[in-house]
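The values are calculated or read from the model by the stated rules, or taken from the named source; none is laboratory data. Everything numeric here is computed off the predicted structure, so don't read it as measured data. Positions of Cβ are backbone-derived with ideal geometry, glycine not excepted, and every protein chain shown enters the neighbour counts. Only protein heavy atoms, including side chains, enter the accessible area calculation; ligands, DNA and RNA are left aside. Shrake-Rupley method; radii C 1.70, N 1.55, O 1.52, S 1.80 Å.
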Amino acid sequence: MTRDDGARWDRSGPVRLVDSDLGGPVVELQARGGRAVVALQGAQVLSYVPTGGRDVLWLSPVARLGTGKAVRGGIPVCWPWFGPHPSDRAMPAHGLVRAVPWRVIDRAASETDVRVRLGWPTIEGSTGQSGSHLRLHLDVKLGDALTLELVTTNDGPAPVAITQALHTYVAVGDIGSTEIGDLDACDYIDQLDAGAMKRQCGPVRFDGEIDRIYLGSPPVITIRDGSSPRRIVVAATGSASTVVWNPWIEKAARLGDVGADGYRRFVCVETANAGTDVRTLAPGATHALSATLRCDIR
Ligand code: BG6
């Protein structure tokens with residue numbers, strides 16, 4: 001790996017730092033297996049196009065970087081809490097790192113894959129628990145698949161509890177013909193029904209707003225998009241919960257950045273530590289949450 005400090009960026013290399021037309025700097029990764037774009041803002045992957053295929057990720061048609069607001073789409077990083085802050089409702093939803101610039105720490109390329117590591121320094125008190133000192137980095141590796149690994153280290157003297165998610169907006173041709181089969185018989189927290197616990201029966205299908213935290217979810221989840229033969233697979237490690245979300249018509253209209261009929265074009269399948277899947281890091285401990293996206297039929 002090459003240290004970023006002082007190292008020159010090769011403008012034509014497989015890992016390039018460029019100013020994007022979205023209004024901010026992005027890292028472009030190019031490998032035999034595809035192309036990916038990662039914004040420094042929020043260390044957010046914005047695009048992943050496997051060679052010979054279409055973008056696996058949905059991005060808002062009005063996405064702009066540098067507005068102080070999180071961009072909708074791609075893979076936002078929710079950290080060190082998922083959803084509302086556990087005790088302070090004045091804190092932003094989904095944590096602290098989505099709308100702020102991260103730093104490139106390392107980058108590397110080999111014959112088979114290219115990687116970039118983005119870092120966020122230790123944050124004192126970042127979880128709202130006084131005395132917590134957390135360090136965070138995200139590795140993005142592009143080869144035949146795209147892998148994100150979000151690594152948290154507790155540099156402080158006391159244990160710290162975190163929740164988090166790699167909030168993947170998977171692009172689909174039509175949400176009405178999209179299906180997720182692997183969650184059959186999983187228990188979930190229904191966020192649209194005051195957190196009631198329910199059990200999934202059969203595949204997850206979409207005909208209205210869905211906002212669920214599946215607990216004890218399997219490590220591999222396949223998204224079948226009935227409008228095309230394409231199948232997208234999300235494989236997780238360090239996670240025992242998966243969030244499935246689609247805002248449907250009214251919530252999408254309230255969000256304002258989804259675009260006309262945009263809700264039909266994505267489903268969020270979020271590799272998470274959420275709900276009861278809270279991770280407590282002892283002093284000096286590290287936790288890694290990873291998601292690998294693969295398009296097994298393009
Ligand atoms: C999902 C949550 O992860 O993210 C939803 O489960 C939430 O409740 C959605 O509405 C989008 O959040 P935001 O902050 O990006 O609008």
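List the aspartates and glutamates whose Cα sits under 20 Å from the Cα of K251, skipping any in the same chain fewer than 8 residues away.
Filter leaves D174, D190, D193, D207, E209, D211, D261, E270.
Sequence-distant or interchain residues sharing an amide H contact under 5 Å with F82, placed H: which?
HN-HN under 5 Å from F82: T163, Q164.
What is the gain in length, in nm to one decimal, between D261 and A93 on full extension, counting 0.36 nm per residue of separation less the C-alpha to C-alpha distance?
On the way: separation 168, 0.36 × 168 = 60.48 nm, distance 2.45 nm.
That pair, D261 and A93, stretches by 58.0 nm at full extension.
What is the magnitude of the charge dipole of the chain about its Cα centre, with +1 placed on the Cβ of each Lys and Arg, -1 on the Cβ of each Asp and Glu, and no other charges, expressed in debye to the nearest 20?
Numbers: 32 positive and 33 negative charges, 100 e Å.
The dipole magnitude comes to about 480 debye.
Multiplying the sequence separation of T51 and D190 by 0.36 nm and subtracting their Cα-Cα distance, what value in nm do you get? The partial results should precede the final answer.
Numbers: separation 139, 0.36 × 139 = 50.04 nm, distance 3.70 nm.
Result: 46.3 nm gained on full extension.
Report the extension gain between R199 and R11 in nm, rounded to one decimal, defined as 0.36 nm multiplied by the number of residues separating them, less their alpha carbon distance. Could you put the intermediate results ahead of the total?
Numbers: separation 188, 0.36 × 188 = 67.68 nm, distance 5.09 nm.
Separation in residues times 0.36 nm, less the Cα-Cα distance, equals 62.6 nm.
Sort 184-192, 73-81 for me by packing, meaning the mean count of neighbouring Cβ atoms within 10 Å per residue, highest on top. Display every interim value, and only then the final one.
Values: 184-192: 16.4, 73-81: 26.8.
Most protected by this proxy first, the peptides run 73-81, 184-192.
Residues in the stretch 77-94 near a label at K251, defined as backbone nitrogen under 17 Å from the 7 Å Cα→Cβ point?
In the stretch 77-94, the label zone of K251 (backbone N under 17 Å from the point 7 Å along Cα→Cβ) covers 78, 82-85, 93-94.
Just for the Cα atoms in the stretch 25-163, what are the lengths along the principal axes, largest first, rounded to whole Å?
The principal-axis extents, from largest down, are 48, 33, 21 Å.
Jot down the per residue volume, in cubic angstrom and as a whole number, of the convex hull over the alpha-carbon atoms of the chain.
Per-residue hull volume (Cα only) is 130 Å³.
For the chain, which whole percent of the accessible surface, found with a 1.4 angstrom probe, sits on carbon and sulfur atoms?
Details: 6330 of 12580 Å².
Solvent-exposed carbon and sulfur of the chain make up 50 percent of the total.
Suppose R0 equals 30 Å; then what is the FRET efficiency for A282 and S227 from their Cβ-Cβ distance, rounded to the nearest 0.05?
Working: r = 47 Å, r/R0 = 1.57.
It comes out at approximately 0.05.
How big is the stretch 172-298 on each of its three principal axes, counting only the C-alpha atoms and giving the largest first in Å?
Cα spread of the stretch 172-298 along its principal axes, largest to smallest: 47, 36, 30 Å.
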